[in-house]
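One structure is given here, and the rest of the page talks about it.
The values are calculated or read from the model by the stated rules, or taken from the named source; none is laboratory data. What you see is a predicted model, and the numbers here were worked out from it, not measured in a lab. All Cβ positions, glycine included, derive from the backbone under ideal geometry; neighbour counts span all protein chains shown. In case anyone asks, the SASA skips ligands and DNA or RNA and just uses the protein heavy atoms, side chains included. Shrake-Rupley method; radii C 1.70, N 1.55, O 1.52, S 1.80 Å.
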Amino acid sequence: MLNEGNKVIDEKRQGEAVMREGVSVIGKKLLLESYGCAMNFSDSEIVASILDDSGYSTTRDAEEADVILLNTCAIRDNAEQRVRRRLGFFKSLKKKKPHLVVGVLGCMAERLRENLLEEEKLVDLVVGPDAYRELPGLIDQVHGGQKAVNVLLSREETYADVAPVRLDSNGVSGFISIMRGCDNMCSFCVVPFTRGRERSRDPKSIVAEAQELLEQGYKEVILLGQNVDSYKWNLTAKGEIKDKELPTVTFAQLMEMVAQISPELRVRFSTSHPKDLTDDVIHMVKKYENIANHIHLPVQSGNSEILKKMNRGYTREWYLERIEAIRNVIPDCAITTDIISGFCGETEEQHRDTMSLMNEVGFNMAYMYTYSERPRTLAERKFEDDVPEEVKGRRLQEIIDQQLLFTGKKTKAMVGKVHRVIAEKLSKKSKEHMSGRNGENCIVVFPKENFKPGDYVDVMVTDATRTTLIGEAVHLPNG
Ligand code: SAH
Ligand code: SF4
Ligand code: F3S
């Protein structure tokens with residue numbers, strides 16, 4: 001049935017001619033590339049939906065595209081460099097096809113605005129994350145011979161009514177964006193500038209989207225936000241109650257609403273913020289079998305002074321207390337994190353605090369970066385980016401080496417138990433095997449037998465590499 005769900009979308013995408021306001025528009029081809037975080041990939045599904053309504057179908061082939069849109073990331077300088085290199089590649093294509101429209105969407109569009117038109121001459125279109133509804137009109141404007149820019153940020157836009165067109169989906173796991181923007185102003189971070197103020201999406205539309213995914217055969221939803229713990233429905237941007245008749249909904253309550261749709265639908269969420277992660281959320285993860293035992297809780301640094309300079313709103317002790325709170329309620333909960341090495345003024349001793357915190361917690365997995373100064377951020381204005389690149393790099397390597405040891409240990413500790421896995425696809429290494437993930441988000445490989453993507457499989461894990469569990473399905477008498 002999941003294939004049927006996908007087929008419907010594929011057929012819709014292939015539509016040759018689409019009616020729009022009574023005018024027949026010849027089907028045009030859109031190449032949409034996404035960079036950066038899951039929120040950006042989720043936004044691309046909204047963009048595909050908006051343009052699908054205007055007669056654009058997606059293609060992977062740049063040669064046949066009429067419109068190329070890059071949904072970009074600005075989080076670190078190297079993320080932007082990657083996009084610029086890709087734009088360079090499209091230059092030759094545009095020489096061959098002068099009518100090709102090239103647009104930049106997302107965080108780099110919002111950060112650089114019309115300057116992008118100056119800097120990258122081939123760009124025709126610059127559209128920020130809150131202006132995607134305007135895309136069809138803006139593309140028409142480019143066809144009319146003008147460059148087009150819309151980078152207005154909104155306090156209300158959540159695209160709640162736009163049904164995403166699932167792109168590159170495995171038909172098993174789907175993103176649902178539950179909020180947009182971020183109000184935290186961590187001093188290193190560009191996101192509040194590129195995504196604007198935090199706003200939560202109507203819970204009814206979130207539940208409806210999850211329900212729809214389930215009906216299409218999906219088995220997992222991933223609730224997305226920059227800081228999901230501060231989800232709060234029914235407040236205006238000024239913090240006033242919007243509708244006095246409606247109750248407020250917290251993130252823990254939202255999770256419960258989604259978890260109750262069906263025990264067959266696994267619920268994941270990202271990203272949690274250590275200053276806002278409540279006991280209610282932890283207890284909700286515990287309460288529902290179908291909420292995955294995994295919390296992504298970026299720490300950034302293990303030193304309280306650095307955390308203060310980062311404006312993270314918590315100390316090392318507070319973070320460790322939250323870890324204890326999780327472990328007290330859910331001893332086997334997977335905990336993953338993000339770490340930045342070499343933030344402004346970071347001393348060797350402060351770096352060692354990060355190493356020792358990692359030791360104390362024992363993360364299952366981590367995303368690890370060297371600090372990259374971003375224009376307009378608090379850190380850029382207030383502090384000097386004074387840790388030499390080679391020192392940042394060496395500290396990062398120490399962090400990575402230590403994390404690899406823990407990842408291996410944590411994976412090995414899962415051997416010898418039965419894990420509930422959602423099968424996703426054939427294993428990369430063998431057609432006789434399938435791979436899927438357990439609740440802790442670890443990859444599990446097992447003999448294919450007659451399983452299909454989307455099946456729940458109980459796998460007895462007998463062996464492990466550093467990142468992958470290996471085992472065999474157990475067939476329980478009643479299931
Ligand atoms: N909202 C999430 C993180 C979003 S950005 C949170 O608050 O945790 C993802 C990660 O990129 C961050 O957690 C951080 O580790 C990293 N990051 C953000 N800005 C960065 C910068 N200027 N340099 C290096 N890494 C950065
Ligand atoms: Fe950036 Fe901090 Fe917001 Fe995360 S919480 S997006 S790191 S400002
Ligand atoms: Fe990048 Fe924007 Fe996400 S800066 S990490 S794409 S919110």
Amide H contacts under 5 Å for Ser34, placed H, 5+ residues apart: Asn71
Mean Cα-pair separation over length for the stretch 418-474, i.e. relative contact order, pairs under 8 Å, 6 or more apart, %: 35
Approximate spin-label separation Leu122-Glu212, in nm, with each point projected 7 Å along Cα-to-Cβ: 3.5
Distance between the stretch 33-68 and the stretch 96-170 - C-alpha centres, whole angstrom: 11
Simple spin-label estimate for Leu405 and Asp279 in nanometres, 7 Å along Cα-Cβ: 3.5
Of all accessible heavy-atom area on the chain, the percent that carbon and sulfur account for (1.4 Å): 51
Cysteines having no other Cys beta carbon under 4.7 Å from their own, within the chain: Cys37, Cys73, Cys107, Cys182, Cys333, Cys344, Cys442
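Assuming a viscosity of 1.306 mPa s and a temperature of 10 °C, what translational diffusion coefficient in µm² per second does Stokes-Einstein assign to the stretch 170-292, Rh being the Kirkwood radius over Cα pairs? Don't skip to the end; give the middle numbers.
On the way: Rh = 15.0 Å.
The Stokes-Einstein estimate is 106 µm²/s.
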Accessible area of the chain divided out per residue, in Å², using a probe of 1.4 angstrom: 46
Overall form of the stretch 418-474 per C-alpha gyration tensor (a/c, 1.5; a/b vs b/c): rounded
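Quote to one decimal, in nm, the extra length available between Val474 and Gln81 on full extension: 0.36 nm per residue of separation minus the C-alpha distance between them. Please report the intermediate quantities before stating the final value.
Numbers: separation 393, 0.36 × 393 = 141.48 nm, distance 4.78 nm.
Roughly 136.7 nm would be gained on extension.
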Share, in percent, of DSSP beta bridges within the chain that are antiparallel, nearest 5: 40
Sorted peptide list for 458-471, 173-186, criterion being average Cβ within 10 angstrom, highest first: 173-186, 458-471
Net charge dipole size for the chain [Lys, Arg +1 and Asp, Glu -1 on Cβ; Debye, nearest 20]: 680
For the stretch 326-413: Kirkwood Rh in Å [reciprocal of mean 1/r, alpha carbons]: 14.2
Inter-label distance, nm, simple model (7 Å from Cα along the C-beta direction), Arg60/Met185: 4.4
Dimensionless Rg over Rh [the stretch 62-137; C-alpha; Kirkwood]: 0.94
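Is the stretch 254-387 rounded, prolate or oblate when judged by the Cα gyration tensor, a ≥ b ≥ c being the square roots of its eigenvalues, rounded requiring a/c under 1.5 and prolate requiring a/b larger than b/c?
Prolate, since a/c reaches 1.5 and a/b exceeds b/c.
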Positive-end residue of His294, Gly416, Met179, charge dipole of the chain with Cβ unit charges: Gly416
Cα Rg, Dmax, the chain, angstrom units: 23.1, 68
Order by protection proxy (mean Cβ within 10 Å, highest first), peptides 395-407, 221-233, 136-148: 221-233, 395-407, 136-148
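Multiplying the sequence separation of Ser430 and Ala413 by 0.36 nm and subtracting their Cα-Cα distance, what value in nm do you get?
Additional length available on full extension: 3.7 nm.
Give me D for the stretch 397-441 in µm² s⁻¹, whole number, from Stokes-Einstein with Rh from the Kirkwood sum over alpha-carbon pairs, 4 °C and 1.567 mPa s.
Approximately 104 µm²/s, per Stokes-Einstein.
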Between the stretch 429-479 and the stretch 283-305, the alpha-carbon center distance in angstrom: 24
